[in-house]
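Comments concern the structure below.
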Amino acid sequence: MKKRIVTLVLLILFALFYGCNNKPVNGNKPNTDEKLYTITIPESYYTYTGTDPSEDSKTSKELGDAYCTDAIVSGKNLIIKVTDTQRKNLIKRNNDYIDKLVGQLLDINSKYKYTGDDEYKELFFYIDENLPANVHLKTIYGTAIGYGLNYILENNSTDWSVHLTIYNYHTGKKVAEGNLPQDTISYGAEEWKKSYD
């Protein structure tokens, strides 16, 4: 089971951060006169996702100039050099992928919903116990991973966390909550039962 989770997280991260091709978003190529920013994707992010910054460094260099100027591994961190345009392109790519993940959630039940704040600090999911475990992992934790990465990119901060709250969409009652990556958020039959009381 742990191997499946790590594999799924790797696939989500590849799609979120690095995408499938190096075509610019809406033709946005970086302006060579733009200031270059150095952003650190911290060890805590890689520890939480179970991925390796050296693989991400290699892949990010293949993206082309629409997303990244340079990427190097420093210890257990990934340091990327981006212009503001490249940073915005990465965030937009992540948001597009998050929308696809949430679309899969809505395909299962159109009454499910999610909301998140513009600062990439909080996520709220309204679901029920009938959501299949594989979809749950991919959509909810994949979205949280994307939010964490967007927070890092948006704020150029290694001090990141995402507050995740799960609600029962039938009753509006809270099922579980916590701060990722610090907390382990787990819930099962007992938590779902309480959310119906």
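Residue-wise test of (1) more than 30 Å from Tyr37 (Cα to Cα); (2) at pLDDT below 95; (3) hydrophobic (A, V, I, L, M, F, W, C); (4) out of contact with any Pro (no Cβ under 8 Å at 6 or more places or on another chain).
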{"site": "Asn94", "(1), (2), (3), (4)": "no, yes, no, yes"}
{"site": "Gln104", "(1), (2), (3), (4)": "yes, yes, no, yes"}
{"site": "Lys111", "(1), (2), (3), (4)": "yes, no, no, yes"}
{"site": "Tyr120", "(1), (2), (3), (4)": "no, no, no, yes"}
{"site": "Leu123", "(1), (2), (3), (4)": "no, no, yes, yes"}
{"site": "Tyr126", "(1), (2), (3), (4)": "yes, no, no, yes"}
{"site": "Glu129", "(1), (2), (3), (4)": "yes, no, no, yes"}
{"site": "Ala133", "(1), (2), (3), (4)": "yes, yes, yes, yes"}
{"site": "Asn150", "(1), (2), (3), (4)": "no, no, no, yes"}
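Okay, residues lined up against (1) in contact with a Gly (Cβ under 9 Å, 6 or more places away or on another chain); (2) of a type in the set (A, V, I, L, M); (3) farther than 24 Å from Tyr67 by Cα:
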site	(1), (2), (3)
Asp128	no, no, yes
Ile140	no, yes, yes
Ser157	no, no, no
His163	yes, no, yes
Ala176	no, yes, yes
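Looking only at the stretch 124-148, which residues are open to solvent by less than 40 Å² (accessible area, probe 1.4 Å) and either without any contact (Cβ under 8 Å) to a residue 12 or more places away in the chain or not in a helix (DSSP H, G or I) (or both)?
Listed by number, the residues that qualify are Phe125, Ile127, Asp128, Leu131, His136.
Please determine, by comparing only the residues of the stretch 162-191 that are assigned to a loop (DSSP other than H, G, I, E, B), at pLDDT below 95 and touching a strand residue (DSSP E or B) at 6+ places or on another chain (Cβ under 6 Å), which one is farthest from Pro132 (Cα to Cα).
It comes out as Ile185.
Check off (1) among the aromatic types (Phe, Trp, Tyr); (2) modelled with pLDDT under 95; (3) in contact with a strand residue (DSSP E or B) (Cβ under 6 Å, 6 or more places away or on another chain) for Tyr67 and give me the number that stays unchecked.
All conditions pass for Tyr67, except number (3).
Please give the number of the condition Gly116 fails out of (1) surrounded by fewer than 18 Cβ atoms within 10 Å (Cβ to Cβ); (2) free of Cβ contacts under 8 Å to residues at least 60 places away in the same chain.
(1)
So, in the stretch 83-98, of the ones that are crowded, with 20+ Cβ neighbours inside 10 Å and hydrophobic (A, V, I, L, M, F, W, C), which residue ends up farthest from Tyr67 (Cα to Cα)?
Per the stated criteria, the residue is Ile98.
Determine whether Asn156 is open to solvent by 20 Å² or more (accessible area, probe 1.4 Å) and not aliphatic (A, V, I, L, M).
Against the criterion (open to solvent by 20 Å² or more (accessible area, probe 1.4 Å) and not aliphatic (A, V, I, L, M)), Asn156 qualifies.
Return the residues of the stretch 27-46 that are surrounded by 15 or more Cβ atoms within 10 Å (Cβ to Cβ) and modelled with pLDDT of 80 or more; say none if nothing qualifies.
Tyr37, Ile39, Thr40, Ile41, Pro42, Glu43, Ser44, Tyr45, Tyr46
Only one of these conditions is not met by Thr59: (1) of a type outside the set (Lys, Arg); (2) surrounded by fewer than 20 Cβ atoms within 10 Å (Cβ to Cβ); (3) closer than 18 Å to Thr143 by Cα; (4) modelled with pLDDT under 95. Which number is it?
All conditions pass for Thr59, except number (3).
The values are calculated or read from the model by the stated rules, or taken from the named source; none is laboratory data. Because the structure is a prediction, the values reported are computed rather than measured. No Cβ is skipped: glycine too gets one built from the backbone with ideal geometry, and neighbour counts run over all protein chains shown. The protein model used for the area step is the full one, side chains on, heavy atoms only, and it has no ligands, DNA or RNA in it. Shrake-Rupley method; radii C 1.70, N 1.55, O 1.52, S 1.80 Å.
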